[in-house]
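Only one structure is covered here, and it is reproduced in the block below.
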Amino acid sequence: MHEPNADRRPRQPAPAGLAELAAELRTAEPSCGPVRVVAVDGHAGSGKSTFAGRLAAKLGGAPVVRLDDLASHDALFGWTDRLLTQVLDPLSRGVAARYRVYDWHLRAFSGERVAHPAGVVLLEGVGAGRREVRDRLARVLWMDRDAAASWTRGRHRDGPELAEFWDEWVPAEQRHFASDPTRPHAHLLVREKSPGYEVLLGPAGRRSEAPELDGE
């Protein structure tokens, strides 16, 4: 059976660093209209935001859509419709995506951001590689830091004032990845090094080494 999105797999071998990764992403097949949407997923506290910012810079200032802007206190993972209608659908038509931004202090959607249909658009956040949008993604990147280490770093970063939020977040994230894991579908794994990052083939990338079978 032909595997979906087989032609979106990264070239062999995996890119050696950020510059090589940026070059590989620019040549990927567009996945959402004229745009290559690249998911940067991983556990909360795994370093997604920093990595996505650095990768965007290597891509010449690529737009970064952060899922923290689309999620909310009452819908930590219930943002799929907002992502589709406000971001991915407009990008698929080659027009700018204007999406409402959630203010975590006011607990309300109170602003707006714009993502233009650049050659590569990064989608950063926990659950960015979820199944409902996977067919719109040119690549799925997974920040390969384990859950416990990520959450410990996140709690330390955010301080005691957000301890109650983390107590609610951790089981919500566990439930999400238990029902909809991203890592098995990652084309590339990203690991922090000192300095920089190491990029490795992920489970979806390694599957490209096996022959494809036609039929059932």
Task: Accessible area in the full protein assembly, largest first, 1.4 Å probe, for D74, D180 - done: D74, D180
TODO: Could you order peptides 154-161, 24-31 by the average number of other Cβ atoms within 10 Å of their residues, highest first?
DONE: 24-31, 154-161
Task: Relative contact order (percent, whole number), region 82-216, Cα cutoff 8 Å, 6+ residue spacing - done: 18
- [ ] Could you work out the Kirkwood radius for the chain, taking every pair of different alpha carbons, averaging 1/r and inverting it, reported in Å?
- [x] 17.7
- [ ] Return the long-range amide H neighbours of L201 (sequence gap of 5 or more, or a different chain), with a cut-off of under 5 Å between placed amide H atoms.
- [x] A14, L189
- [ ] When a/c is below 1.5 the answer is rounded, else prolate if a/b is larger than b/c, else oblate, so apply that to region 91-202 with a ≥ b ≥ c taken from the square roots of the Cα gyration tensor eigenvalues.
- [x] oblate
- [ ] Give me the Kirkwood hydrodynamic radius of region 28-114, using the inverse of the mean 1/r over all pairs of distinct Cα atoms, in Å to one decimal.
- [x] 14.0
Open item on the list: Students sometimes get this wrong: rank S46, S194, S179 by accessible area, probe 1.4 Å, all chains present, largest first.
Closed with: S194, S179, S46
TODO: Determine the calculated [θ] at 222 nm for the chain from helices alone, applying -39500 (n - 2.57) to every DSSP H run no shorter than 4 residues and normalising by the residue count; nearest 500 deg cm²/dmol.
DONE: -7500 deg cm²/dmol
Task: Other-chain or far-sequence residues with amide H under 5 Å of R145's (modelled H) - done: H43
Task: Dipole axis of region 90-196 (+1 Lys, Arg; -1 Asp, Glu on Cβ), positive-most option in W142, P117, A186 - done: P117
Task: Cα centre as origin, Lys/Arg/Asp/Glu Cβ charges: the chain dipole, Debye - done: 600
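The values are calculated or read from the model by the stated rules, or taken from the named source; none is laboratory data. Model, not experiment: these values are computed from the prediction. With ideal geometry, Cβ positions are generated from the backbone for all residues, glycine too; neighbour counts draw on all protein chains shown. The area values use the complete protein model at the heavy-atom level, side chains included, leaving out ligands, DNA and RNA. Shrake-Rupley method; radii C 1.70, N 1.55, O 1.52, S 1.80 Å.
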